[in-house]
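To start, the structure under review is shown below, and the notes come after it.
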There are 2 protein chains.
Amino acid sequence: MFRIVEVPIDVGALVSGAFRPDCGAVATFVGTTRVDEGAGAEVEYLEYEAYRPMADRKLEQIGAEIEERWDVGHVSIVHRLGRVDPGEPSVVIVVASPRRGPAFEASRYAIERIKEIVPIWKREIWSDGYVWVGSQVGTRSTPAG
Amino acid sequence: MFRIVEVPIDVGALVSGAFRPDCGAVATFVGTTRVDEGAGAEVEYLEYEAYRPMADRKLEQIGAEIEERWDVGHVSIVHRLGRVDPGEPSVVIVVASPRRGPAFEASRYAIERIKEIVPIWKREIWSDGYVWVGSQVGTRSTPAG
């Protein structure tokens, strides 16, 4: 299941939706909105925007790439858009595989590919304005001012 | 949180319990009971046993090893004992980190260490007996008969 949503992601339902008797391993990656300590007091929330027609298609492409490369029983990727408060999930990846090696590798691959090819951008909303901070996970450029 | 339980594991609650504004990445590994296709029709469920006093302590040790090696904001490991039906979680590991690399590495490390040092064993319960199948994730020896 590959989906872009504008509501909170139900992570528990996504993970348990991957359980299958022929798979012994389910690897999940959740990207949560992170606020650097230095900026913490200033950031109110983050906002994600996508170029939707291409973003949907690129998530499906990543799923197909994973199924070509690894023995997986299930792959889900859900990305959230709009306002996301600090510490909340913006992207969830769930991969089930018979064995744990492929599950770990494929979930890592998925998040790297999302950053590479999916047209989603985020900005930090401050009390007095906003700062574009690039792609959705784990990076943040220092505001210029 | 490091715990051995005899009831189903609430994976969603464990994952969302790891969300923090200073962490951008939450990596979760769920080991589910897997039944090989060839044996599928015969296996009714799996049963996990532990040497409790040492198992509890070893899970805590793994948590401490992770906190020494990686920059993590949260680590949980919960292992289930007793009857577990095919496709249900037997072990759940959740690691939150500011960045995704350490989260992936630490969660993988945790499951490898569990297999190495935690005294937990499993057996498949068949309609006509049982087969010890070693440690809890991803391996299964072929029954002798």
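Tabulated results
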item	result
Residue selected from region B:99-134 under the condition basic (Lys, Arg) and under 18 Å from B:ALA55 (Cβ atoms), by the criterion farthest from the chain's Cα centre (by Cα)	B:ARG123
Some residue of region A:46-68 being over 21 Å from B:PHE104 (Cα atoms), within 11 Å of chain B (Cβ to nearest Cβ) and not basic (Lys, Arg)	yes
Residues (away from chain A (no Cβ under 12 Å) and in a strand (DSSP E or B)) located in region B:69-101	B:VAL75, B:SER76, B:ILE77, B:VAL78, B:HIS79, B:ARG80, B:GLY82, B:ARG83
Residue in region B:3-19 that is touching a Lys or Arg at 6+ places or on another chain (Cβ under 6 Å) and modelled with pLDDT of 95 or more present	yes
Selection from region A:45-71 of residues that are of a type in the set (A, V, I, L, M, F, W, C) and crowded, with 16+ Cβ neighbours inside 10 Å	A:LEU46, A:ALA50, A:ALA55, A:LEU59, A:ILE62, A:ILE66, A:TRP70
When residues of region B:18-38 are limited to those that are closer than 20 Å to B:ILE120 by Cα and not in a strand (DSSP E or B), the one nearest to the other protein chains (Cβ to nearest Cβ)	B:ARG34
Search result, residues across region A:25-46 that are modelled with pLDDT under 95 and not β-branched (Val, Ile, Thr)	A:ARG34, A:ASP36, A:GLU37, A:GLY38, A:ALA39, A:GLY40, A:ALA41, A:GLU42, A:GLU44, A:TYR45, A:LEU46
Residue within region B:57-80 that is under 19 Å from B:VAL30 (Cα atoms), of a type in the set (Ser, Thr, Tyr) and over 17 Å from the mean Cα position of the chain (by Cα) present	no
Search result, residues across region A:39-56 that are hydrophobic (A, V, I, L, M, F, W, C) and either closer than 24 Å to A:ILE117 by Cα or assigned to a helix (DSSP H, G or I) (or both)	A:ALA39, A:LEU46, A:ALA50, A:MET54, A:ALA55
Which listed residue, of B:VAL78, B:VAL72, B:VAL35, B:VAL26, is touching a strand residue (DSSP E or B) at 6+ places or on another chain (Cβ under 8 Å), free of Cβ contacts under 8 Å to residues at least 60 places away in the same chain and of a type outside the set (D, E, K, R)	B:VAL72
Of the criteria (1) surrounded by fewer than 21 Cβ atoms within 10 Å (Cβ to Cβ); (2) in a loop (DSSP other than H, G, I, E, B); (3) within 13 Å of chain A (Cβ to nearest Cβ), which one B:VAL7 fails	(3)
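Residue-wise test of (1) of a type outside the set (A, V, I, L, M); (2) more than 23 Å from B:PRO89 (Cβ to Cβ).
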position: A:PRO8; (1), (2): yes, no
position: A:LEU14; (1), (2): no, no
position: A:GLY24; (1), (2): yes, no
position: A:LEU46; (1), (2): no, yes
position: A:ALA50; (1), (2): no, yes
position: A:ARG80; (1), (2): yes, yes
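The values are calculated or read from the model by the stated rules, or taken from the named source; none is laboratory data. Treat the numbers as computed from the prediction; the structure is a model and nothing was measured. With ideal geometry, Cβ positions are generated from the backbone for all residues, glycine too; neighbour counts draw on all protein chains shown.
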